[in-house]
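Structure first, then comments.
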Amino acid sequence: MALLAASSVTVNFNDLGKPSTSLIIIVALTLLAVAPAALLLLTPFTEVYVTLRVVSNAIGVQDLPPSQVLAALSLFISLALMAPVLTHVDHSALAPWLAGKLNFSQALSSAEGPLRSYMLHHTRKQDLELFLSVTGHPRSAATAAPMLAVVPAYAISSIETAMLMGFLVYVPFVVIDLVVASLLMSTGMVMLPPTLVSLPFKILLFVLVDGWALVSSALLKVG
């Protein structure tokens, strides 16, 4: 009997009126299922995490801070960057849908607008044109580009920006390694690994310039 009762439940996504509890549960479970992919591809999380990871590698302490700490910090920085977009989505899509003023399709279209605008603003033109050509859309239609082209273009642009920021952070630490290696060579201490000597100086330099705050500030400005 329970199976028969469950099989008789029907859900219409496009009916106007307040959504039923079963529909809200279905949508919530779907969002939870795609949340990891959405976090990586639709938010600055990838850009922030890659930058922080490159900074950690540049210092020479690959396991400090731990990956979990960097991921958590990246998550909160991403939420701070996406707060205006999420607020806009809530006001224009989620709240009207829950109030029954929009059906699910209309709410989904309304939520896509601010998210698309944010992603296009942080997407390089050449990356977007690449995926527009692959999907068969005209390159002139950038503002109306489908999410199928916007999402991968935004992801590539985010990685590119993260690598560029990582390169700028890497350069001072490479200089320190070269200076220490030259000093060790000139004093005849060729058996002593240069990285062993330069590591304390790189950590000290990063702490003195308040490196984590500077990197976080740069990420917040870029995002």
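Please state which one of Leu64, Leu132, Leu79, Leu102 is among the hydrophobic types (A, V, I, L, M, F, W, C) and at pLDDT 85 or above. Break it down into steps so the answer makes sense when it comes.
Values: Leu64 fails: at pLDDT 85 or above; Leu132 fails: at pLDDT 85 or above; Leu102 fails: at pLDDT 85 or above.
Selected residue: Leu79, the only one of Leu64, Leu132, Leu79, Leu102 that is among the hydrophobic types (A, V, I, L, M, F, W, C) and at pLDDT 85 or above.
Among the residues of segment 170-188, which ones are among the β-branched types (Val, Ile, Thr) and either under 12 Å from Lys202 (Cβ atoms) or modelled with pLDDT of 80 or more (or both)? Can you show your working first?
Of all residues in segment 170-188, those among the β-branched types (Val, Ile, Thr) come to 171, 174-176, 179-180, 187.
Of everything in segment 170-188, those that are among the β-branched types (Val, Ile, Thr) and either under 12 Å from Lys202 (Cβ atoms) or modelled with pLDDT of 80 or more (or both) turn out to be Val171, Val174, Val175, Ile176, Val179, Val180.
Could you figure out which of (1) buried (at least 17 other Cβ atoms within 10 Å of the Cβ); (2) assigned to a helix (DSSP H, G or I) isn't true of Leu31?
(1)
Results for (1) touching a residue at least 40 places away in the same chain (Cβ under 8 Å); (2) of a type in the set (Phe, Trp, Tyr); (3) surrounded by 14 or more Cβ atoms within 10 Å (Cβ to Cβ), shown as yes or no for each residue.
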| site | (1), (2), (3) |
| --- | --- |
| Ala107 | no, no, yes |
| Thr161 | yes, no, yes |
| Gly166 | yes, no, yes |
| Val169 | yes, no, yes |
| Val179 | no, no, no |
| Ser182 | no, no, no |
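Quick one: how many residues across segment 54-96 are touching a residue at least 24 places away in the same chain (Cβ under 8 Å), touching a helix residue (DSSP H, G or I) at 6+ places or on another chain (Cβ under 6 Å) and assigned to a helix (DSSP H, G or I)?
Residues that pass the stated criteria total 10.
Could you check Ala58 against (1) within 20 Å of Val207 (Cα to Cα); (2) modelled with pLDDT of 90 or more; (3) not charged (D, E, K, R) and say which number it fails?
Going through the list (1) within 20 Å of Val207 (Cα to Cα); (2) modelled with pLDDT of 90 or more; (3) not charged (D, E, K, R), Ala58 breaks only (2).
Identify the residue in segment 116-135 that is polar (S, T, N, Q) and under 23 Å from Val48 (Cβ atoms) and, among all such residues, is nearest to the chain's Cα centre (by Cα).
Looking at residues that are polar (S, T, N, Q) and under 23 Å from Val48 (Cβ atoms), I get Thr123.
Return yes or no: is Leu214 surrounded by 15 or more Cβ atoms within 10 Å (Cβ to Cβ) and of a type in the set (A, V, I, L, M)? I'd like the intermediate steps shown before the answer.
Working: surrounded by 15 or more Cβ atoms within 10 Å (Cβ to Cβ): no; of a type in the set (A, V, I, L, M): yes.
Considered against the rule, which asks whether it is surrounded by 15 or more Cβ atoms within 10 Å (Cβ to Cβ) and of a type in the set (A, V, I, L, M), Leu214 comes out as no.
Out of curiosity, is Ala99 free of Cβ contacts under 8 Å to residues at least 60 places away in the same chain and either over 21 Å from Val50 (Cβ atoms) or exposed (fewer than 15 other Cβ atoms within 10 Å of the Cβ) (or both)? Let's see the steps before the verdict.
On the way: free of Cβ contacts under 8 Å to residues at least 60 places away in the same chain: no; either over 21 Å from Val50 (Cβ atoms) or exposed (fewer than 15 other Cβ atoms within 10 Å of the Cβ) (or both): yes.
Taking the combined requirement at face value, the residue does not satisfy it.
The values are calculated or read from the model by the stated rules, or taken from the named source; none is laboratory data. Only a predicted model underlies this, so the values are computations on that prediction, with no experimental measurement involved. Methodologically, a virtual Cβ is constructed for each residue, glycine included, from the backbone with ideal geometry; neighbour enumeration extends over all protein chains shown.
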